[in-house]
1. Nearest 20 debye, what's the magnitude of the dipole of segment 1-94 about its Cα centre given +1 on Lys and Arg Cβ and -1 on Asp and Glu Cβ?
2. Counting only heavy atoms of protein chains, what accessible area per residue, in Å², does segment 48-115 have with a probe of 1.4 Å?
3. Tell me which label goes with the value of volume of the Cα convex hull per residue in Å³ computed from the coordinates here: (i) 108; (ii) 143; (iii) 122.
4. What's the carbon and sulfur percent of segment 60-106's accessible surface, probe 1.4 angstrom, rounded to a whole number?
5. Counting only C-alpha contacts under 8 Å and six or more residues apart, can you give the relative contact order of the chain as a whole percent?
6. How many angstrom lie between the Cα centre of segment 140-175 and the Cα centre of segment 66-95?
7. Principal axis extents for segment 85-189, Cα atoms only, whole Å, descending order, please.
8. Taking 20 °C and 1.002 mPa s as the conditions, I'd like the Stokes-Einstein D for segment 1-109 in µm²/s, using the Kirkwood hydrodynamic radius from alpha carbon pairs.
Amino acid sequence: MNRVIVIEFMSLDGVIQDPDGNEGFRQGGWAFRYGREPVTNDPFALGEALDTGALLLGRRTWEMFAKIWPGRDDPFSAQMNAMPKLVVSRSLEQAAGWKNSTVVQGDLAAAVQERKRTQDIMVMGSAGVIRTLMASDLVDEYRLMVFPLILGEGTRLFPDGSASVNLALVSAQTVGPAVKLIYSRSENQ
């Protein structure tokens, strides 16, 4: 069965905003304070899903990624560049700036449900997209790289008022000073 997988760098207090410092957030760049190990290559162990799945991004995340990934040629970057990219935007009519990118038209939840019939969908960054998917109960798995710091401010993955969801721990692994956590939907929903 195909999954919707949320992939995030996250502080211990749940902040996902600006881990690389590109947004200009006062606390930005926090994920890179801990060296390259937790943020390079395939840090979320996506493996085959990168070859067979699609990447779902909000417009701002897509625009940032479209400036970074096409110029890289390592194996992970090659997978990112080759996979289909779905861009959620109210202002873009086309997404020609990065190979294999298309703009999602119409209802996001319906488009994701339809696409999920044929492939895994991975969501990186894109807090607004994730919240829409969470509100529609479409997220099947969370892959989180949790860093040992408390930011005290910023956009959180699970804001107050998020719906309750039971998850099961699939794995926990230290990666340098961070911890990679994989949670999936619990069978006891």
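1. On the way: 10 positive and 13 negative charges, 59 e Å.
It comes to approximately 280 debye.
2. Working: 3820 Å² over 68 residues.
Roughly 56 Å² per residue, with all protein chains present.
3. So the calculated entry is the one marked (iii).
4. On the way: 1430 of 2900 Å².
Whole-percent figure for carbon plus sulfur exposure: 49.
5. Numbers: 340 pairs, mean separation 60.5, N = 189.
So the answer I get is 32 percent.
6. Cα centroid to Cα centroid, the span is 25 Å.
7. Taking the Cα atoms of segment 85-189, the three principal extents are 40, 32, 27 Å.
8. Working: Rh = 15.2 Å.
Answer, rounded: 141 µm²/s.
The values are calculated or read from the model by the stated rules, or taken from the named source; none is laboratory data. These numbers come from a predicted model, not from an experiment. Please note: Cβ atoms are built from the backbone with ideal geometry, for glycine as well, and neighbour counts cover all protein chains shown. Keep in mind that these areas ignore ligands, DNA and RNA; they rest on the heavy atoms of the full protein, side chains included. Shrake-Rupley method; radii C 1.70, N 1.55, O 1.52, S 1.80 Å.
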